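Accompanying notes for the structure given below.
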């Protein structure tokens, strides 16, 4: 798999940006609609955005510019707020 990658589940209205390969050891909540998946060594593996069709807030999100570029490159009609 090539990183970063973007997946979108229309039924759940959930967007996921994968940043690295690995096993998720824990998930850090960045508010109600944003979650960061972390490996046991702290590596950021990916970021999930809930209610993504309303736009995603990148304030405080690790690797924000990379995440914004991946969403933009995905061709999905998702607004990005920074």
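A short reminder: the numbers here are calculations on the coordinates, not readings from a lab. Given the structure is predicted, the values throughout are model-derived calculations rather than measurements. A quick note on method: Cβ atoms are made from the backbone with ideal geometry, for glycine too, and the neighbour counts reach across all protein chains shown.
Descriptive notes on the structure:
- Rounded FRET efficiency, nearest 0.05, which uses the C-beta distance separating residue 1 from residue 50 and R0 of 22 Å: 0.45
- Relative to the longest principal axis of the Cα atoms of the chain, the long axis of helix 64-74 makes an angle of roughly 50 degrees.
- Neighbour counts of other Cβ atoms within 10 Å put 81, 49, 63, 3 in the fewest-to-most order 81, 3, 63, 49.
- Considering every alpha-carbon pair of the chain, the percent of pairs per 10 Å bin, from zero through the bin containing the longest distance, is 19, 57, 23, 1.
- Ascending count of other beta-carbon atoms within 10 Å, so fewest first, for 71, 78, 47: 78, 71, 47
- Contact order, relative form, for the chain: 26 percent (alpha carbon pairs under 8 Å, 6 or more residues apart, mean separation divided by residue count).
- For the pair residue 21 and residue 9, the difference between a 0.36 nm per residue extended length and the Cα-Cα distance amounts to 2.3 nm.
- Inter-label distance, residue 66 to residue 39: 1.1 nm, where each label sits 7 Å from its Cα along the C-beta direction.
- In terms of other Cβ atoms within 10 Å, 35, 1 run from fewest to most in the order 1, 35.
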